[in-house]
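Read through the structure below, which is laid out as structure tokens, and then see the notes.
A short reminder: the numbers here are calculations on the coordinates, not readings from a lab. Treat the numbers as computed from the prediction; the structure is a model and nothing was measured. All Cβ positions, glycine included, derive from the backbone under ideal geometry; neighbour counts span all protein chains shown.
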Amino acid sequence: MILTVAAIVTLAALVFTLFVRSKDIPEPLPASPTAHLEDRKQAIYDNLRDLQFEYRLGKLSDADYSQTKQALQRELAGVLKQMEEVAGSLPARKDNITPAERKVLAGNLCPHCGARFTQALRFCGECGKAMS
């Protein structure tokens, strides 16, 4: 009896998971046109940082370091150029911000480092300087 109930519950759970209706699945977020370029840019920066670390440890010769660094910098320049081209082809965003909203946003944006916060703060959570 218990074995039969367990089998039915297991079968019901299996059927429930395998037959998910497509209307129950949420719509995916729209992909950013520059998301893959942002990922590539970050990977290049990581590679440059690792390259400099290995050079300082003495794992690379001067020639290898400069050659690899120049290749990464050329690749980075290409990625940044592509990002500018994509950003230039996108329609301009219209900012209809009222003066009151601008004042609220100013209290949430650090004038020193540019960090943005969800609420107004007296001191920046990133650099520690006064927000006023």
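Summary of computed values
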quantity	calculated
For LYS69, LYS81, order by how many other beta-carbon atoms lie within 10 Å, fewest first	LYS81, LYS69
Local electrostatic count, LEU51, Cβ distance below 13 Å [Lys/Arg +1, Asp/Glu -1]	-2
Label corresponding to P(r) over Cα pairs in 5 Å bins from 0, in percent when calculated from the structure given, among (i) 2, 12, 24, 27, 22, 10, 2, 0; (ii) 2, 8, 9, 7, 8, 11, 12, 10, 8, 8, 7, 5, 4, 2, 0, 0; (iii) 2, 10, 18, 22, 21, 14, 8, 3, 2, 1, 0	(ii)
Degrees between helix 62-89 axis and first principal axis of the chain (Cα, 0 to 90, nearest 10)	70 degrees
Sorted by Cβ neighbour density within 10 Å, fewest at the top, the residues MET83, MET1	MET1, MET83
Nearest 10 degrees, 0 to 90: helix 99-108 Cα axis against the chain principal axis	90 degrees
Degrees, to the nearest 10: 2-18 long Cα axis against longest axis of the chain	40 degrees
